[in-house]
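Computed from the coordinates by the stated procedures, all read-outs in this text should not be read as laboratory data. Not measured: the values here are computed from a predicted model. Here the Cβ positions follow ideal geometry from the backbone for every residue, glycine too, while neighbour counts run over all protein chains shown.
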Amino acid sequence: MEQRIVIKVFKSIDSRNSLVYMSKGDNLLDALVSSNLTISNECGGMGTCGKCMIRLVEGALDISTQDRNVLSEHELAEGYRLACTAYPDRDCTIMLCSRTSDDFKVVTETLSYNAIKESSMEVISHSKTFLHEKNSYALAIDLGTTTLAFAIISLRDGVIIDKYSANNPQRIYGADVVSRIKSSNEGKLKMLSDLIRKGLRDGIYALLAKADTKMSNLEKIIISGNTTMIHLLMEYPCDNLGAYPFKPINLGIINTFSDDLIGLNDRIPLMILPGISAFVGGDVTAGLLACGFYHKEEPCIFIDLGTNGEIVLGHKDRLFVTSTAAGPAFEGGNILYGVGSIPGAIYNVSFKNKILSYNTIDNAPPVGLCGTGLIELVSELLIEGLIDRSGLLVDRYFDSGYPIAGMKLIQKDIRELQLAKSAIRVGMDILLKKLGLSYEELDEVYLAGGFGYHLDIEKAVMIGLLPEALMNKVKVVGNASLSGAIMSLSDSETIKKMQDIISSAEEVHLSNEDDFNDLFINYLSF
Ligand code: FES
């Protein structure tokens, strides 16, 4: 007979426990998630991100190979384990100690308020068909892999009334699109779809309450997102997104209604912006629109350092686009103490007289390292000689990790950053070669993504994320996807501009390029 196991779960020392029932041989993380206990799962249960850490209080749990890779001897002795590699064979009592999704509720990194505002003002001044009705509003939404960003716009004068952001609730199924596609293909498509629809509903209600306006005042909703997020929202099967032939079900503009798609009570026209390919979605098209690529005479480069790392290079007549396997490191994903740009995230690090100091977002007590903090810490450790050019921590910190604010940067975190920055640099080099240009010939560099907001460009150059030649050409544009969605609220001409961008885009698959491997290895070093 199947042996039933009871896991007593405490969320914190002083909380009441929950009981989770499972069978011998079941995975602990799966059992916790099925019992609605939110626990971070950024690597999709691969045992690499360390975010699903629990602490065994009573009972026994074998130590897995992944436990040994991610946790220190001391932590193992204290009973810490990764839930994703734990298979209890008897009753246990555990405490959740990873950051749950709740910690990500107040996310602001996806919005660069001024960039959006400027963009929308530009639209207003050029738009002929902008609505001028009193009390009518529209919503722009960036459906990101990590975060959801919302903005409410007055259609009377085009001003951004308010904004709101939240964690993408699908994050419990992994931090990147690959993990989500895997979950979808394993039969969880409906669950992922329901989660994101609810996330959008909740965000819209929260924003309307914040802006003190009613649903009935909304005229239109526009959503931009990468191809996988849109597939999951539409409940399209993702089988062909994660494997050859990488063929999306639908890349075009989708016109529907809010009640049909996301279950709002009111029937509001809802439009989803068009994408370019399985890898380069409507979020990038929207970003290119916001940065004005439809009229660029001179070659420019657009880099979105979000979870997917998309790069676009070119001008109005010809654009090369690609998506790199940069992973979520720039958003704190797969980093042991990595977090999004939330209050308390360390975003700035410096050494003065060998003493480390740091700043956190909103000056809140430190909770982790966001992408910018990671870049800053690594660049400072390089300067101090505590990391060598190959990325190795000096012996003293090799096993224990480098301590910061009661947390630590471990060797694997540095590797994650190296892989991510190398993927971006290789992508930039290969696209540049396609256009037959040098970095010196580029006019402007648009750096999009939530983390760009606090980024010190010099430090990004120092770790090799950006070439020195681009140092003075970088424009940090924040959440360009949201800016593009806001611009698209204006008139049909904007949609035509997006379609022009799409028709001039040519996709490049980096792994098909002969020099990909050599370049990738070359750029791993600092
Ligand atoms: Fe367990 Fe990432 S989900 S280590």
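Remark: the range 47-88 carries a charge dipole of roughly 180 debye about the Cα centre, counting +1 on each Lys and Arg Cβ and -1 on each Asp and Glu Cβ.
I'd like to know which of LEU482, ILE404, MET498 lies farthest towards the positive end of the charge dipole of the range 371-526, counting +1 on Cβ of Lys and Arg and -1 on Cβ of Asp and Glu. Working it through, the farthest residue towards the positive pole turns out to be ILE404. Taking only the C-alpha atoms of the chain, Rg followed by Dmax gives 23.0, 72 Å. A cut-off under 9 angstrom between Cβ atoms defines the neighbours of GLY44, and their net charge, with Lys, Arg +1 and Asp, Glu -1, is 0. Only Lys, Arg, Asp and Glu carry charge here, each on its Cβ (+1 for the first two, -1 for the last two); on that basis the chain has a dipole of about 1080 debye about its Cα centre. 3J(HN,Hα) along the range 387-395, derived from phi through the Karplus expression 6.51 cos²θ - 1.76 cosθ + 1.60 where θ = phi - 60°, amounts to 10, 8, 5, 7, x, 7, 6, 4, 3 Hz, with x in place of Gly and Pro.
Treating r as the C-beta distance of PHE246 and SER357 and R0 as 60 Å, the FRET efficiency rounds to 0.85.
Across the options LEU218, ILE301, SER183, the greatest Cα extent toward the positive end of the charge dipole of the chain (unit charges at beta carbon of Lys, Arg, Asp, Glu) belongs to LEU218. Computed over the range 338-379, the P(r) curve from all C-alpha pair distances, binned at 5 Å from the origin, holds 6, 31, 32, 20, 10, 2 percent per bin.
Ordered from longest to shortest, the equivalent ellipsoid semi-axes for the range 470-519 are 30, 18, 9 Å, each the square root of 5 times a Cα gyration tensor eigenvalue.
For the chain, the share of DSSP beta bridges that are antiparallel, to the nearest 5, is 65%. For the range 428-513, the spread of Cα coordinates along the three principal axes comes to 42, 33, 24 Å, biggest extent given first. Of VAL349, ALA31, ILE161, which is farthest on the positive side of the dipole of the chain, counting Cα position, with +1 on Lys and Arg Cβ, -1 on Asp and Glu Cβ, and the Cα centre as origin? Sorting the options by dipole projection puts first ALA31.
Geometric descriptor of the range 138-188, per residue, is 69 Å³ (volume of the convex hull of the Cα atoms). Each residue, GLU75 and ARG318, gets one label point 7 Å from its Cα in the Cβ direction; the gap between the two is 4.9 nm. Protection proxy ranking of 83-90, 476-483, by the mean of other Cβ atoms within 10 Å over each peptide's residues and highest first, is 476-483, 83-90.
Local charge for HIS74 was computed over the other residues whose Cβ lies under 15 Å away, with Lys and Arg +1 and Asp and Glu -1, and equals -1. Using every pair of alpha-carbon atoms in the range 166-281, split the distances into 10 Å bins beginning at 0 and state the percent of pairs per bin, rounded to integers. Pair shares across the bins are 14, 44, 32, 10, 1. Based on every Cα atom in the range 226-300, Rg and the maximum pairwise Cα distance Dmax equal 14.5, 47 Å. Of all trypsin sites (Lys or Arg not before Pro) in the range 172-221, which ones are in loop regions per DSSP and have a Cβ with at most 13 other Cβ atoms within 10 Å? Loop-located and lightly packed - LYS214. P(r) for the range 259-340, from all Cα pairs and a bin width of 5 Å, is 3, 13, 19, 16, 14, 12, 12, 8, 2, 0 %, short bins first. The C-alpha radius of gyration of the range 321-422, expressed as a fraction of 2.2 N^0.38 Å, stands at 1.03. Across the range 3-98, Cα-Cα pairs more than 23 Å apart make up 13 percent of the total. Loop-located trypsin sites (Lys or Arg not before Pro) in the range 324-425 (DSSP state not H, G, I, E or B) with no more than 13 neighbouring Cβ atoms inside 10 Å: LYS354, ARG389.
Charging the Cβ of each Asp and Glu at -1 and of each Lys and Arg at +1, and nothing else, the dipole of the range 1-84 about its Cα centre rounds to 240 debye. The loop-placed trypsin sites (Lys or Arg not before Pro) in the range 451-516, going by DSSP, include none that has at most 13 neighbouring Cβ atoms within 10 Å of its Cβ. Just tell me the longest site-free run in the chain, where the sites are GluC sites (Glu not before Pro) in a DSSP loop having at most 14 other beta-carbon atoms within 10 Å. Formally, the longest exposed-site-free interval is 134-296. Summing charges over all other residues whose Cβ lies under 11 Å from the Cβ of TYR446, with Lys and Arg as +1 and Asp and Glu as -1, gives 0.
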